[in-house]
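Here is the structure we will look at.
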Amino acid sequence: MDTKPANIGANNIMNDFVKTDDILKDMCGIIESAQKSAYQAVNTLLVRRNWLLGFRIASEEMQGENRAEYGAEVIKKLSKELTAEFGKGFTKSNLYNFYSFYKAYPEIFQTVSGKSAGLLSWSHYAILLQVKDENARAWYEKEAASEGWSVRTLQRNVSSQYYYRMLRSQNRETVEKEMKNLTAEYRSDKLEFIKNPVIAEFLGMSSDADFTESELETSILSNLQKFLMELGKGYAFVARQQHIHTEKQDYYIDLVFYNYILKCFVLIDLKTQKITHQDVGQMDMYIRMYDEMKRSEGDNPTIGIVLCSDTDEDIARYSVMHGSEQLFASKYKLYLPTEEELRAEIETQKAMFLLQQQNSSLEFEA
């Protein structure tokens, strides 16, 4: 039997396929090849789209003293109108990034890498734009492409000044080996393309929260959502796994409520391991971002709740920004569940989840 199917079109999937005696291996190869081709196609279009948007914004530049103010006003207006027309992905910061991308890479599609399939992802370029030193940026770009760095690896190397440390080092192999060890966990998994919120927004899809939650987390969050709504003290559900994009990373807030009695947002983040200082700092960042972006005139400061469902100890901690402590003590506490109530609810949901898992296992064995 032929090792290749009849040619039904020029594409890498058909041309690269060679039949072997291992059907599972063949099937896995076909699926992975298709995913890789889909990623390359979508990524090329996304990078080209963002470059063209940046080119179009740059063509609006005007000469004179007020050009910065004019540019800011143009981007503000465009962001509002594009978001209304196409949804997420067209914030002011994103539009500035498109503009910066065009200015930094005005001839990217005339270069060898631009004409080939060697384009990095848009997320890679967004990180490279943080690097103002052109020599360093070019080096990071070359290394990311040739070494297959994931987005997180590139971000870590930029943040840790990897380029400058390599320049100053007498033993580059040691520095490189350390970097590879520290970034081993960042190697791209096979579903990274599907999970990427930038890709999802480009394709007009919503990010799937199921990719960012374990079964236990899903169970606890679903029941906490009901638990707070049933308290009947002014809670209105806003969002679950709400996506927040910063210059360097994507974050997801587990649950967001608005309390119309307290007139403030309530953010909840669940951790399945012990709470760290970084977790508390991350919640403080969420609170600051919500106060800056979502809080309206007349709203009180945002409240954060960090929950921990560690196997040894369940923890619930409230987080408020400096200056809001008195408001929390005098008013917020009247309409919020106590830490003891939250801990008890987490413990109840953990016990129910364990019981359901045991029952499912028994049913399967039967």
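A short reminder: the numbers here are calculations on the coordinates, not readings from a lab. As the structure is a prediction and not an experimental result, all values here were calculated from the model. Every residue, glycine among them, receives a Cβ derived from its backbone with ideal geometry; neighbour counts consider all protein chains shown.
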>> Loop-only GluC sites (Glu not before Pro) in region 94-185, please: DSSP not H, G, I, E or B, and at most 10 other Cβ atoms within 10 Å.
In response: 107
> Taking a threshold of 23 Å on the Cα-Cα distance, which of the pairs 132/294; 233/333; 76/103 fall above it?
Replying inline: 132/294
> Given H placed 1.01 Å from N in the peptide plane, which residues other than close sequence neighbours of residue 305 have an amide H under 5 Å from its amide H?
Replying inline: 267, 268, 269, 319
> Which entries of 92/331; 142/177; 25/177 show an alpha-carbon separation above 27 angstrom in the structure shown?
Replying inline: 92/331; 25/177
>> Calculate the FRET efficiency for residue 339 and residue 251 from the Cβ-Cβ distance with a Förster distance of 22 Å, rounded to the nearest 0.05.
In response: 0.40
